[in-house]
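Here is the structure we will look at, set down as structure tokens.
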Amino acid sequence: MINEKIIVQSLEKLQPNIYLMKAKAPVIASQVKPSQFCNIKVSDNDFPLLRRPFSVCDVQGDSIFFMFDVHGEGTRILSEKMIGDEIEVLGPLGNGFNYNKKFNKALIIAGGLGVAPFPFLTKVLIDKVEIVSLIGGRNKNYVVKYGLKNVSVATDDGSEGYKGTVLDLLEANKESLIDDGTIIFSCGPTPMLKALQKFAEQNNVECQLSTECAMACGFGICQGCPVHSSTEDKYLLVCKDGPVFDSKEIVL
Amino acid sequence: MINEKIIVQSLEKLQPNIYLMKAKAPVIASQVKPSQFCNIKVSDNDFPLLRRPFSVCDVQGDSIFFMFDVHGEGTRILSEKMIGDEIEVLGPLGNGFNYNKKFNKALIIAGGLGVAPFPFLTKVLIDKVEIVSLIGGRNKNYVVKYGLKNVSVATDDGSEGYKGTVLDLLEANKESLIDDGTIIFSCGPTPMLKALQKFAEQNNVECQLSTECAMACGFGICQGCPVHSSTEDKYLLVCKDGPVFDSKEIVL
Amino acid sequence: MSEIDLQVKLGNLTLKNPVLLASGTVGYGNEISQFTDLSKIGAIITKSVSLKPRKGNPPQRIVETASGMLNAIGLANVGLEVFVKEKIPFLKEIQSTIICNIAASSIEEYVECTKVLDHEDEIKGFEINVSCPNVKEGGLEFGNNLTAVGKITEKVRAVTNKPIIIKLSPNVARISEFAKVAKDEGADAVSAINTLVGTAFDIWTGKPKIYNVTGGLSGPAIKPVALAKVLEISRNVDIPIIGVGGIMNWKDAVEFMIAGATAIQIGTVNFINPQAGIEIIEGLKNYCKQKEITSLAEIIASYKLPS
Amino acid sequence: MSEIDLQVKLGNLTLKNPVLLASGTVGYGNEISQFTDLSKIGAIITKSVSLKPRKGNPPQRIVETASGMLNAIGLANVGLEVFVKEKIPFLKEIQSTIICNIAASSIEEYVECTKVLDHEDEIKGFEINVSCPNVKEGGLEFGNNLTAVGKITEKVRAVTNKPIIIKLSPNVARISEFAKVAKDEGADAVSAINTLVGTAFDIWTGKPKIYNVTGGLSGPAIKPVALAKVLEISRNVDIPIIGVGGIMNWKDAVEFMIAGATAIQIGTVNFINPQAGIEIIEGLKNYCKQKEITSLAEIIASYKLPS
Ligand SMILES: Cc1cc2nc3c(=O)[nH]c(=O)nc-3n(C[C@H](O)[C@H](O)[C@H](O)COP(=O)(O)OP(=O)(O)OC[C@H]3O[C@@H](n4cnc5c(N)ncnc54)[C@H](O)[C@@H]3O)c2cc1C
Ligand SMILES: Cc1cc2nc3c(=O)[nH]c(=O)nc-3n(C[C@H](O)[C@H](O)[C@H](O)COP(=O)(O)OP(=O)(O)OC[C@H]3O[C@@H](n4cnc5c(N)ncnc54)[C@H](O)[C@@H]3O)c2cc1C
Ligand SMILES: Cc1cc2nc3c(=O)[nH]c(=O)nc-3n(C[C@H](O)[C@H](O)[C@H](O)COP(=O)(O)O)c2cc1C
Ligand SMILES: Cc1cc2nc3c(=O)[nH]c(=O)nc-3n(C[C@H](O)[C@H](O)[C@H](O)COP(=O)(O)O)c2cc1C
Ligand code: FES
Ligand code: FES
């Protein structure tokens, strides 16, 4: 964990509103695991005040990647960075996906920008297990396949792939998608994760959820990011105990 | 007076920390008079909150110029503008120099960035009267002669021209500089204007001071910019009644 | 879809829309009218008027802070007489609803000003600025004192039938108690909030950045505080609230209305964007369209709190 | 030039420098120690500890605002027992001065916590957070009630000889009255300020952005208010003040010391720059060098007000 000054190497537009940033970050690149994240100081003044959390999307040698959509002020500033710009980044933060176990199929379920952590996970798992990716987006402008393998797409308006949510797509194909050795790795909006939690329980499949919530610090000192434990009457912290949780571990 | 969206046409570095911006501003360009100013919204978000006031430095056809040094956050943002950027500008504001009278010599006295309004004044007066310009700066990096005529320089450290303040330089040469038909047009830091006020009184020469002070609105609604009247027990407003005052009119 | 109804009522005063320009931030309307069409605004609240003219404080009067500004203008104003003779004629021309804000150092002065202005047809209501030092009580602020706010409301109520709005100070522990007393003594509405007390120092000279030492903090920095005060009043007292503090755009205006405000005022933003008022009115209309509601009144105090 | 003396005294507690980490913004030190050397910091103030563990509020607990943030963590903490068993051992290791912040819902609970912790050598002093609801009085805040603050100070004073710091609420009309009562009842210092009450709403759902409805506003937005509160105390009460509220860098720290603070705390900035504390200490040293003073104490309450 470090507060590293990373240097922008490229900034690519993947979709009208979705960007991929590559930046030199030797220390973070050497430590990070899939679905860990960084807390980014997007400007070099006090506006906006808080850092912004982003998953590390991919790693290549000394470089890390972030994928983001322009949302509000913070991501707008990020989208206007230029090559050579320095950015202060805290990372890697949190716990990534847990794949150091026996399984033979990684079923990736991503909604919207929830695809962000999966290029990196795909790279790490590609030679080890079968990978199937289901990704959902509002419409085709919100679909990003960068770095994924075996991708099926669902869009709310049907402008690309299956018409419906990614959960509908999963439900429709669950027989062929899930077997004994499958682990679901998922990331996306909370309503999607909630539905998936139910799906995993009903279908008795291991499911890891990469969760999101408002954060101030990103490393456990503000207690701003609680998620309720399902086993004890207490809160876990998304930034420190997560962002990845077993779907049985938390109440969303 | 208008809230005009001006478009940056060029941004030149005149000195290590001093910039000259040219921007397309047809309406303001057609209305502005020397030493009127504009109140500039430097960013397109709420940071920094207030506009920043700058003298119109020059006018060329449809274009106006601003000259500024990087001071704090606002001027830093201005210095990073790119060609084609739009900026919201209120102007022209205030009352400029009063030169619609009989005189034969304009003695310009400027301290630091106080030179800003004088390229425009020089352009307007050049064919009408003799112009002599005395400018002062901390050192040679703070001396800008852009658009001026007949310039003598004073620097605090003697790195260019006379060693001392511009007031020292004036005092030392007052016999040759001032005659019956002279009007002093001045702009600079308040201590300099104060000294000049005294000089003008002692030497009985007409003197117009372009003053500066903190401003919120720039057009008379906040009452944030008072300067004490010397004739009545009341405050005048720098933005509306000034920024140019006859040196006898105000108490600095 | 039919036209959106933006009308709101403050006591017996109907405003064509809920966007008001806050006292002290538009003078008497003349300067800002060069940049915006005041006839479209719900109402203009004049710079605080006092019985006698006030010079105001020496410079420096304002300083920028993080997402805010401090001001200590010192209630500089032309005084009642000049106001009536010179300012009201202009205000008449602009065809906006005029509410006159009154500042005073004694209860008698509040009453005297209200009495005189009650005769002026152009003045449709009064906003009583109680964030003024009470000279009789050694300079303590009226606005912090429940009894004083009650007394002022009662006495002013006795001399006018026009709507009275009490502008509350946020520098108190429970603002709803002040709203309650205002209501009980006959006020038609309250404005919340006036500025927060703040200061700033120059670290090289040790001098305060404003001559008056402390000033009033306004702007986006105070919006969360203003919203909480509006909500507190809304949950505890049944009186129309005019929300004010840090509103920069229509979204902020909606937030205040959800929190309980019947109307809103904009202050600091006028300095930065003199057309903000009109932009907010347009934004409110579009918001209603998107929400598919025909009357803005539906959103007032529509907050949904966790049970 | 000789080394700059940054030492300051709070009662009988000497701190190696005046930079403290504020309660609730560094947990119990362990996480932030990965980014910064806590042994260099003047003191760490622990997250508020209460007698029993507290789960804290449901999400959402925080939201960003203009130059600030609202939080309603709900005093989530491990409780006294776990604190003593598990957290103090780590705090011991880091070789910083530890001040324990105590939160409670009754006067007895404050006393009980202080008694237990008085035995812990690692705890060098107590900061009493009075911005908690008083359960016995139906949830009204202790911090708004002069009598309650006096009582708490008196009772806590009776059970410890270690320095007691009363952390004052800014949500009152005259904070100096609270500082006065704290002093009179034996407090060694006061901290000013805790967060301001604020809120924010989602304009599409009408729901408050934080589950608890209102939260505490911190960050640069509140700095002018915090400075004014420190100045008010400094001008009226002779007690060491720890300034807190919106400090982002050494310049802000100097501003607070000029306004009357003997020491300062940093809160929100820790989330953004975990090394801020150390950078501020360095900045203070350089400031002293530039001002050609050898002891930082010279700037405390060095404000120069217009006469
Ligand atoms: C662990 C984690 C990983 C993330 N990874 C990615 C990623 O790889 N790509 C990506 O595009 N987005 C990601 N997000 C969401 C991303 O942090 C927000 O989109 C971003 O903070 C928006 O900032 P803004 O200033 O543009 O938006 P604004 O809406 O202006 O932000 C206002 C405030 O809300 C917070 N906020 C807004 N949206 C979110 C959100 N969805 N989650 C958490 N806080 C939010 C901001 O941090 C800020 O404090 C992640 C969030 C978390 C918690
Ligand atoms: C009528 C007028 C004309 C001006 N013309 C010019 C010009 O042509 N060129 C130029 O370089 N500067 C000019 N100035 C000064 C210029 O406005 C400030 O340098 C600028 O506001 C600094 O902003 P900042 O954010 O970079 O600095 P900061 O110091 O970060 O600003 C903080 C706050 O202080 C105010 N402020 C800071 N310095 C000054 C100052 N000297 N005068 C007034 N307010 C100040 C800012 O407006 C802002 O509100 C003029 C000022 C006035 C009043
Ligand atoms: C420069 C300035 C002058 C003000 N003068 C007055 C005044 O004379 N009377 C009054 O009641 N309020 C006055 N106010 C307070 C505003 O009306 C308003 O309550 C406050 O600024 C908060 O709103 P804002 O954040 O939108 O500015 C003044 C505010 C500012 C910024
Ligand atoms: C997330 C968060 C949690 C806090 N928790 C506590 C707490 O438990 N006890 C306390 O006395 N103050 C608490 N505070 C208040 C801070 O200690 C400090 O007084 C306040 O944040 C103002 O300082 P700042 O602007 O530097 O953050 C908390 C503040 C924040 C932002
Ligand atoms: S974001 Fe601060 S504890 Fe999780
Ligand atoms: S700057 Fe607002 S009145 Fe002059």
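The values are calculated or read from the model by the stated rules, or taken from the named source; none is laboratory data. Computed from a predicted structure; not experimentally measured. Every residue, glycine among them, receives a Cβ derived from its backbone with ideal geometry; neighbour counts consider all protein chains shown.
Consider the stretch A:163-179. How many of its residues are buried (at least 18 other Cβ atoms within 10 Å of the Cβ), in contact with a helix residue (DSSP H, G or I) (Cβ under 7 Å, 6 or more places away or on another chain) and not β-branched (Val, Ile, Thr)?
3
If you go through the stretch D:193-212, how many residues are within 16 Å of ligand 1 (Cβ to nearest atom) and not in a strand (DSSP E or B)?
9
Being among the polar types (S, T, N, Q) and surrounded by 24 or more Cβ atoms within 10 Å (Cβ to Cβ) is true for just one of D:THR214, D:THR268, D:THR294. Which residue is that?
On inspection, the qualifying residue turns out to be D:THR268.
List pairs: first residue in the stretch A:121-140 and more than 13 Å from A:ILE108 (Cα to Cα), second residue among the aliphatic types (A, V, I, L, M) and buried (at least 16 other Cβ atoms within 10 Å of the Cβ) anywhere in the structure, Cβ distance under 6 angstrom, at least six positions apart or on different chains.
Pairs that qualify, where the first residue is more than 13 Å from A:ILE108 (Cα to Cα) and the partner is among the aliphatic types (A, V, I, L, M) and buried (at least 16 other Cβ atoms within 10 Å of the Cβ), are A:GLY137/A:VAL143.
Could you go through the stretch B:89-96 and let me know if any residue there is surrounded by fewer than 19 Cβ atoms within 10 Å (Cβ to Cβ), within 13 Å of ligand 2 (Cβ to nearest atom) and within 26 Å of B:GLU249 (Cβ to Cβ).
Yes, that holds for at least one residue.
Just checking, does the stretch A:46-54 include any residue being within 16 Å of ligand 2 (Cβ to nearest atom) and within 14 Å of another protein chain (Cβ to nearest Cβ)?
The answer is yes, given that some residue of the stretch A:46-54 is within 16 Å of ligand 2 (Cβ to nearest atom) and within 14 Å of another protein chain (Cβ to nearest Cβ).
Based on this model, can you work out whether D:LEU168 counts as farther than 30 Å from C:TYR303 by Cα, within 14 Å of another protein chain (Cβ to nearest Cβ), modelled with pLDDT of 95 or more and within 15 Å of ligand 4 (Cβ to nearest atom)?
The answer is yes for D:LEU168.
Restrict the check to the stretch D:213-230 and report whether at least one residue is part of a helix (DSSP H, G or I), under 19 Å from D:ASN129 (Cα atoms) and not hydrophobic (A, V, I, L, M, F, W, C).
Among the residues of the stretch D:213-230, at least one is part of a helix (DSSP H, G or I), under 19 Å from D:ASN129 (Cα atoms) and not hydrophobic (A, V, I, L, M, F, W, C), which makes the answer yes.
Working carefully through the options A:ASP85, A:ASP58, find the one that is modelled with pLDDT of 95 or more and either within 16 Å of ligand 3 (Cβ to nearest atom) or over 25 Å from D:PRO274 (Cα atoms) (or both).
A:ASP58
Within the set of pairs 6 or more residues apart or between chains, which connect a residue that is of a type in the set (Lys, Arg) inside the stretch A:163-177 to a residue that is assigned to a helix (DSSP H, G or I) with Cβ atoms less than 7 Å apart?
Qualifying pairs under 7 Å: A:LYS174/A:ASN203.
For the stretch D:29-49: of the residues being more than 17 Å from A:GLY220 (Cβ to Cβ) and part of a loop (DSSP other than H, G, I, E, B), which is farthest from the chain's Cα centre (by Cα)?
D:ASP37
Considering only the stretch D:277-307, how many residues are among the hydroxyl-bearing types (Ser, Thr, Tyr) and away from chain C (no Cβ under 12 Å)?
Total meeting the criteria: 2.
For the stretch A:135-158, which residues satisfy the criterion of being more than 14 Å from A:CYS187 (Cβ to Cβ) and assigned to a loop (DSSP other than H, G, I, E, B)?
A:ARG138, A:ASN139, A:VAL143, A:LYS145, A:TYR146, A:LYS149, A:ASN150, A:ASP156, A:ASP157, A:GLY158
Please tell me if C:VAL213 is closer than 30 Å to D:ILE258 by Cβ, in contact (Cβ under 8 Å) with a residue 12 or more places away in the chain, within 12 Å of chain D (Cβ to nearest Cβ) and of a type in the set (Val, Ile, Thr).
yes
Check off (1) closer than 24 Å to D:GLY29 by Cβ; (2) more than 16 Å from ligand 5 (Cβ to nearest atom); (3) of a type outside the set (Phe, Trp, Tyr) for A:ALA216 and give me the number that stays unchecked.
Only one criterion in (1) closer than 24 Å to D:GLY29 by Cβ; (2) more than 16 Å from ligand 5 (Cβ to nearest atom); (3) of a type outside the set (Phe, Trp, Tyr) is unmet by A:ALA216, namely (2).
State all residues of the stretch A:175-216 that are of a type in the set (Gly, Ala, Ser) and away from ligand 1 (no atom under 16 Å from the Cβ); if no residue qualifies, say none.
Scanning the stretch A:175-216 gives A:SER176, A:GLY181, A:ALA195, A:ALA200.
Of all residues in the stretch C:237-248, which are surrounded by fewer than 24 Cβ atoms within 10 Å (Cβ to Cβ) and within 11 Å of chain D (Cβ to nearest Cβ)?
C:MET248
Out of everything in the stretch D:60-70 that is within 11 Å of chain C (Cβ to nearest Cβ) and not β-branched (Val, Ile, Thr), what residue ends up being farthest from D:ILE222 (Cα to Cα)?
Looking at the filtered set, the residue picked out is D:GLN60.
Can you find, within the stretch A:194-221, the residue that is farthest from ligand 4 (Cβ to nearest atom) among those that are at the interface with another protein chain (Cβ under 7 Å from one of its Cβ atoms) and without any contact (Cβ under 8 Å) to a residue 12 or more places away in the chain?
The selected residue is A:ALA214.
Going through B:ASP44, B:ASP62 one at a time, which residue ends up being closer than 22 Å to B:TYR146 by Cβ and acidic (Asp, Glu)?
B:ASP62
Give the residue, chosen from B:GLY224, B:GLY188, that is touching a residue at least 24 places away in the same chain (Cβ under 8 Å), of a type in the set (Gly, Ala, Ser), surrounded by 23 or more Cβ atoms within 10 Å (Cβ to Cβ) and touching a helix residue (DSSP H, G or I) at 6+ places or on another chain (Cβ under 9 Å).
The unique qualifying residue is B:GLY188.
What about B:ASP246, is it over 19 Å from the mean Cα position of the chain (by Cα) and away from ligand 2 (no atom under 12 Å from the Cβ)?
No: the conditions fail for B:ASP246.
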